[in-house]
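Step one of this worksheet: look at the structure below.
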Amino acid sequence: MILDLDIGNTLSKWRLKDSVSSEIRSRGAVWTREEWRPGSDIPDLDVVEAVRISSVARRAVLQDTVALLRRRVGVVHVARSTREALGVTNGYEEPSRLGVDRWMGTLASYHLAGGCCSVDCGSAITIDFVLPGGRHLGGYILPGLRLMKESLQLGTRNVAIDPDSEADELLAPGKNTVEAVNHGIYMAAVSAVNRVYAEVCDREGVAMPLLLTGGDARVISRGMRVPHALWPDMVYGGLEACFPLTSAERAGRLSGAPSVPPPVALEKIRAGLAFSMLL
Ligand SMILES: Nc1ncnc2c1ncn2[C@@H]1O[C@H](COP(=O)(O)OP(=O)(O)OP(=O)(O)O)[C@@H](O)[C@H]1O
Ligand SMILES: CC(C)(CO)[C@@H](O)C(=O)NCCC(=O)O
Ligand SMILES: [K+]
């Protein structure tokens, strides 16, 4: 089995992948913490032959995790943000400073769709662009839905947005504090992603496929005005592309990769932007 880890600031996600069939056998998530307990936090390491890790947690968390895993597992790959990988050149002035989860998501998206916009709707919402040809432009970081809500401190932090709500309802004026906050942060996140996407396509003169991942991707997807695909395993896809271990991965097939709809024509994106400026 292969153990893939996506260690975030708040949540750490894991999945077990069969090295022969390439099937995902199990998955889970725990709060990111200082110390891991195999068996309760992550699966029993006896069945694991190789581990791949993407971590944006504090350095000490990664060091301890890697030390623990190296004692038990033969192969441990730790992803890093580099200047270049898989045909993509990192747009950051200091490439290693780009969050490795963004780098993994970007590499996976480019592998799947070519020049693209990849959005991670997690604790933070990150929006990254790669042009056709592989030049990563850099991106945007904004607070995620939960962080926006917590920062308001209006006593609404425990009332989450129902991920099954329709975007139309979530964009309507709220009639109580919980609604006003939930609809406000939803409007902020959705408008930002729609606008950033249109602005960057306009500046660069190319309509790019759009891919979304992260805990809030499904609900944000409902508010998107342009074609896009959801890819819950996007960060894991970057680990697969960087450290291919199964025969499917070596053949370039990434788990759970969605079919990506073609973007709308650039003229339409520009018309939408021009319209919003007139108002
Ligand atoms: N069980 C859950 N715990 C926390 N957040 C959740 C949960 N289920 C859904 N969410 C939503 O998902 C978002 C976090 O998404 P995700 O799991 O992608 O985080 P993340 O970006 O990986 O977090 P981090 O990297 O900071 O750990 C939160 O904003 C929250 O609204
Ligand atoms: C922005 C987050 C927190 C999103 O998980 C992560 O990618 C990160 O810590 N990035 C480092 C800062 C940067 O990407 O510029
Ligand atoms: K993340």
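A few remarks follow.
- Computed from the Cβ-Cβ distance with R0 of 35 Å, the FRET efficiency linking SER259 to ALA192 stands at 0.85.
- Each part gets one Cα centre, and for region 71-122 versus region 155-169 those centres are 31 Å apart.
- Per-residue Karplus couplings for region 9-15, computed as 6.51 cos²θ - 1.76 cosθ + 1.60 with θ equal to phi - 60°, are listed in order as 5, 10, 10, 10, 9, 9, 8 Hz, Gly and Pro entered as x.
- Radius 13 Å from Cβ of GLY272, net charge of other residues (Lys, Arg +1; Asp, Glu -1): +1
- Inter-label distance, nm, simple model (7 Å from Cα along the C-beta direction), VAL66/ARG270: 4.7
- Take the chain and mark each of the trypsin sites (Lys or Arg not before Pro) that is in a DSSP loop with at most 16 other Cβ atoms within 10 Å; the longest unmarked stretch, sites excluded, is 84-156.
- Between helix 100-113 and the chain: long-axis angle, C-alpha atoms, 0 to 90°, nearest 10: 80
- Environment charge at LEU170 (Cβ cut-off 10 Å; Lys +1, Arg +1, Asp -1, Glu -1): -4
- Distance between modelled label sites at VAL20 and GLU166, nm, 7 Å Cα→Cβ extension: 4.9
- Highest-MSF residue in the chain out of ASP233, ASP46, ASP202 [GNM, Cα springs under 10 Å]: ASP46
- Panel order for MET224, MET104, MET277, by other beta carbons found within 10 Å of each beta carbon, from fewest to most: MET277, MET224, MET104.
- Gap separating the Cα centres of region 245-278 and region 5-36, nearest whole Å: 26
- The alpha-carbon of LYS13 sits under 27 angstrom from the alpha-carbons of these lysines, leaving out residues fewer than 8 places away in its chain: LYS149.
- Taking amide H as placed 1.01 Å from N in the peptide plane, ARG25 has its amide H under 5 Å from the amide H of LEU16, LYS17, ASP18, each at least 5 places away in sequence or on another chain.
- Label-point gap, in nm, between GLU179 and ARG97 - each point 7 angstrom along Cα→Cβ: 4.4
- The residues TYR92, TYR236, when put in order of fewest to most other Cβ atoms within 10 Å, stand as TYR92, TYR236.
- For region 210-218, the Karplus equation 6.51 cos²θ - 1.76 cosθ + 1.60, evaluated at θ = phi - 60°, returns couplings of 10, 10, 10, 9, x, x, 9, 5, 5 Hz by residue, with Gly and Pro reported as x.
Every number here is computed from the coordinates shown, using simple stated rules; none is lab data. Given the structure is predicted, the values throughout are model-derived calculations rather than measurements. Counting neighbours? That spans all protein chains shown, and the Cβs are built from the backbone with ideal geometry, glycine included.
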